[in-house]
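Trainee: Shown below is the structure under consideration.
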Amino acid sequence: MKFSQLADYFERLERITSRIELSEVLAEVLKNCLPEEVDKVIYLLMGEIAPPYRGLEFGLSEKLTAEATSKAYGVKISQVNDLYKKLGDLGEVALHLNQREGKGLDVVQVYQELYQVASAKGTWEKVMRLVNLLRGLSGKESKYVVRIVIGRLRLGIGEATLIEALALAFGRRSLKELIERAYNLCSDLGLVASTLFKEGVQSLESFKIQVGYPIRPALAERVSSPSEIISRLGRCALEVKYDGFRLQIHKKGKEVEIYSRNLERMTQMFPDVVSAVLELPFEELIFEGEAIAYNESTGEFYPFQITIQRKRKYDVHKYSEEYPLKLFAFDLLYLEGEDYTVKPFVERRKRLEGVVIGNSLIEPSEMIIAEEVKQVEEFFEKAIERGLEGIMAKRLDAPYTAGSRNFNWIKLKRSYKGQLSDSLDLVIVGYFYGRGNRAKLGIGAVLAAVYDRDSDTFKTVAKVGSGFTEEEWIKLKHMLDEIKLERKHPRVESTIEPDVWTEPRYVITVLADEITISPIHTAGYALRFPRAVGFIRADKNPEDATDLSEILRLYEIQRKVTVGE
Ligand code: ATP
């Protein structure tokens, strides 16, 4: 495929307003790909060059990209900056300045050049490589290349849409499940697509876990009471719920990689965990656990805020001495060539205990087997007394269901008793200018949505106008203006019209007093007195936001608790 053809598709995709049309056009794009192109096209459609956990970023600021544009098209940087002020989009600036025909590069060539830009070590080399690439492109092509480099493709295409499109491209909607399964095992849709294109459907049926490819995490459902745990699971495992950092650890020989709940590569943040894992005498291993900072002298755990501070990239070593970690291993996914995700929980757990035995930093999570409500109540109360968040209950005979939230795992948190104090993670889909005091800031509230996994859309649930400081509002407006859209994004469902629509990209955490039924919000529910806590959740993708089904659960739980009082 010529890159110019992909650029035409980008243009077409930008104008689409319906979710169905979006997957149909994407299917058409994929159908036109050769087997060696499809992975690259998938990354480019998502505005990337590799799955995020590879940690490969362009590392070029807007300023440097503007500089590359000025060099490529032989104009002064001041002219680029003036045009940018006028057009508000560096991609449009490139389109405006670039009068060339283009060399007719194909998708693979452009992708490889972009890959070189990202992997180049020095800034100068990056800029010069981009200059070279831009010189070989037509106006429209350069518009999209520039947008990709600065992370503003703004198409907002998620994995679920692409999975559906892939199945459609193959003419079989039923393939969706198989594609999804493979994706859950490697978190790399490019890899799944090229496997499918090169080796056919059978290759997906036999798709296997590989060390170095993160597995999409299994997630837990909520319940409102200890008795509901027993009624759903019967005899089950109960574990302490640690409020730390979920880590998925991969070991192959002397190499260790660590991924977050959100599948970001976190290896650098945890040198102490890496050393501890290297002590484990296994060649190939994937397991999961919760890392939590603790006070060595009292044995008490620190709150999440302390553990998370490691995210600062510098001083990690110093920090790991000041706040040592414990890693509570809670699941085994792969060992010495054997896929453990398909085995029942009890078997995984037993083997896991053997794997981490005697390690200084890693220990199995605290666990008991329970069959009566009273045991669950006691375990829960004890956990709360110790200042822990709550407990997790696990179905004894269940496999590890990668990438799915179901009742194989159940979380019971302290906050559920009483009111809706569990927070929700919502995606911003637009904003309102605001009145009164806020008018001067140009933003007064954001329109926020939950994710509906079934339809791969975002459905509104609240207008959030409080919780941010004035500086945060200013920063937020700036961030949202960079991803604003002329019309509602095709994956957003809303009857409310904000002043500015945005790409569904940023996730915020929101607290509310209550969930109510709503005829206006497309989620069917609304939040009473919603307020933001913290700022943008950099660790969450839009698809990691609270799911529509969770709202439903929370609503039911709230009703039960209220009725029960
Ligand atoms: P979720 O991860 O379910 O989307 P969330 O990010 O809001 O939701 P929680 O609702 O707090 O997280 O609960 C699930 C998380 O609890 C897991 O992702 C994991 O990080 C953590 N956790 C702590 N202890 C355990 C345990 N023993 N077993 C499994 N998970 C645990």
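The values are calculated or read from the model by the stated rules, or taken from the named source; none is laboratory data. Keep in mind it's a predicted model, so treat the numbers as computed, not measured. Note that each Cβ is placed from the backbone with ideal geometry, even for glycine, and that neighbours are counted across all protein chains shown.
Trainee: Out of all the residues in segment 201-221, which are within 18 Å of residue 339 (Cα to Cα) and either assigned by TED's automatic domain parsing to the domain that holds residue 274 or within 16 Å of the ligand (Cβ to nearest atom) (or both)? Please lay out each step first, then the result.
Mentor: Our first condition is that a residue be within 18 Å of residue 339 (Cα to Cα); within segment 201-221, this holds for 203-218.
Matches in segment 201-221: 214, 215, 216, 217, 218.
Trainee: Let me ask you something else. List every residue pair whose Cβ atoms sit under 6 Å apart, with the two residues 6 or more apart in sequence or on different chains, where the first one lies in segment 357-373 and is away from the ligand (no atom under 13 Å from the Cβ) and the second, anywhere, is in a strand (DSSP E or B) and not hydroxyl-bearing (Ser, Thr, Tyr).
Mentor: 361/327; 362/327; 362/329; 369/237; 370/238
Trainee: Another one. Would you confirm, using the coordinates I've provided, whether residue 290 is assigned by TED's automatic domain parsing to the domain that holds residue 378 and either crowded, with 23+ Cβ neighbours inside 10 Å or near the ligand (Cβ under 9 Å from one of its atoms) (or both)? Quick ask: steps written out before the conclusion?
Mentor: Numbers: assigned by TED's automatic domain parsing to the domain that holds residue 378: yes; either crowded, with 23+ Cβ neighbours inside 10 Å or near the ligand (Cβ under 9 Å from one of its atoms) (or both): yes.
Yes: the conditions hold for residue 290.
Trainee: Now for a different question. Enumerate the pairs (first residue in segment 512-534 and assigned by TED's automatic domain parsing to the domain that holds residue 558 and under 16 Å from residue 427 (Cβ atoms); second residue anywhere and among the hydrophobic types (A, V, I, L, M, F, W, C) and surrounded by fewer than 20 Cβ atoms within 10 Å (Cβ to Cβ)) with beta-carbon separation below 6 Å, excluding pairs fewer than 6 apart on the same chain, so at least 6 apart or on different chains.
Mentor: From residues that are assigned by TED's automatic domain parsing to the domain that holds residue 558 and under 16 Å from residue 427 (Cβ atoms), the pairs are 512/529; 533/511.
Trainee: Also, I was wondering about something else. Determine whether residue 224 is of a type in the set (Gly, Ala, Ser) and either assigned by TED's automatic domain parsing to the domain that holds residue 356 or away from the ligand (no atom under 16 Å from the Cβ) (or both). Step through it out loud before you land on a result.
Mentor: On the way: of a type in the set (Gly, Ala, Ser): yes; either assigned by TED's automatic domain parsing to the domain that holds residue 356 or away from the ligand (no atom under 16 Å from the Cβ) (or both): yes.
Judged against the criteria, residue 224 is a match.
Trainee: Then there is this: Which residue out of 164, 159, 141 is within 27 Å of residue 488 (Cα to Cα), charged (D, E, K, R), more than 20 Å from the chain's Cα centre (by Cα) and buried (at least 19 other Cβ atoms within 10 Å of the Cβ)? Spell out how you get there, then give the answer.
Mentor: Working: 164 fails: more than 20 Å from the chain's Cα centre (by Cα); 159 fails: more than 20 Å from the chain's Cα centre (by Cα).
Step by step, each of 164, 159, 141 is checked, and only 141 is within 27 Å of residue 488 (Cα to Cα), charged (D, E, K, R), more than 20 Å from the chain's Cα centre (by Cα) and buried (at least 19 other Cβ atoms within 10 Å of the Cβ).
Trainee: Please verify whether residue 193 is within 14 Å of the ligand (Cβ to nearest atom), surrounded by 15 or more Cβ atoms within 10 Å (Cβ to Cβ) and either at pLDDT below 95 or not in a loop (DSSP other than H, G, I, E, B) (or both), treating the condition exactly as stated.
Mentor: Numbers: within 14 Å of the ligand (Cβ to nearest atom): no; surrounded by 15 or more Cβ atoms within 10 Å (Cβ to Cβ): yes; either at pLDDT below 95 or not in a loop (DSSP other than H, G, I, E, B) (or both): yes.
Taking the combined requirement at face value, the residue does not satisfy it.
Trainee: In segment 199-222, is there at least one residue being among the hydroxyl-bearing types (Ser, Thr, Tyr) and modelled with pLDDT under 95? Spell out how you get there, then give the answer.
Mentor: Within segment 199-222, the subset among the hydroxyl-bearing types (Ser, Thr, Tyr) is 203, 206, 213.
Restricting the remaining residues to those that are modelled with pLDDT under 95 gives 203, 206.
Yes, some residue in segment 199-222 is among the hydroxyl-bearing types (Ser, Thr, Tyr) and modelled with pLDDT under 95.
Trainee: Follow-up. Determine whether residue 543 is outside any loop (DSSP other than H, G, I, E, B), within 20 Å of residue 159 (Cα to Cα) and in the same structural domain as residue 472 (by TED's automatic domain parsing).
Mentor: Yes.
Results for (1) at pLDDT 95 or above; (2) over 31 Å from the mean Cα position of the chain (by Cα); (3) under 23 Å from residue 486 (Cβ atoms), shown as yes or no for each residue.
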{"residue": "38", "(1), (2), (3)": "yes, no, no"}
{"residue": "53", "(1), (2), (3)": "no, no, no"}
{"residue": "71", "(1), (2), (3)": "yes, yes, no"}
{"residue": "86", "(1), (2), (3)": "no, yes, yes"}
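Trainee: Restricting attention to segment 241-269, report how many residues are touching a residue at least 40 places away in the same chain (Cβ under 8 Å) and surrounded by 22 or more Cβ atoms within 10 Å (Cβ to Cβ).
Mentor: Residues that pass the stated criteria total 10.
Trainee: Continuing with this model, one more query. So, residue 102, is that one outside any helix (DSSP H, G or I), in contact (Cβ under 8 Å) with a residue 40 or more places away in the chain and surrounded by fewer than 22 Cβ atoms within 10 Å (Cβ to Cβ) or not?
Mentor: Numbers: outside any helix (DSSP H, G or I): yes; in contact (Cβ under 8 Å) with a residue 40 or more places away in the chain: yes; surrounded by fewer than 22 Cβ atoms within 10 Å (Cβ to Cβ): yes.
So residue 102 fits the description; yes.
Trainee: Can you tell me which residue in segment 227-278 is farthest from the ligand (Cβ to nearest atom), limited to those that are under 25 Å from residue 305 (Cβ atoms) and among the small types (Gly, Ala, Ser)?
Mentor: Ranking the candidates gives 275 first.
Trainee: Look through 365, 360, 320 and report the one residue that is small (Gly, Ala, Ser), at pLDDT below 95 and either touching an Asp or Glu at 6+ places or on another chain (Cβ under 6 Å) or not assigned by TED's automatic domain parsing to the domain that holds residue 280 (or both).
Mentor: Numbers: 365 fails: at pLDDT below 95; 360 fails: either touching an Asp or Glu at 6+ places or on another chain (Cβ under 6 Å) or not assigned by TED's automatic domain parsing to the domain that holds residue 280 (or both).
Only one candidate passes the filter, namely 320.
So that you can scan it fast, the table gives a plain yes or no per residue for (1) among the basic types (Lys, Arg); (2) in contact (Cβ under 8 Å) with a residue 60 or more places away in the chain; (3) more than 16 Å from the ligand (Cβ to nearest atom):
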| site | (1), (2), (3) |
| --- | --- |
| 412 | no, yes, no |
| 433 | no, yes, yes |
| 451 | no, yes, no |
| 459 | yes, yes, yes |
| 503 | no, yes, yes |
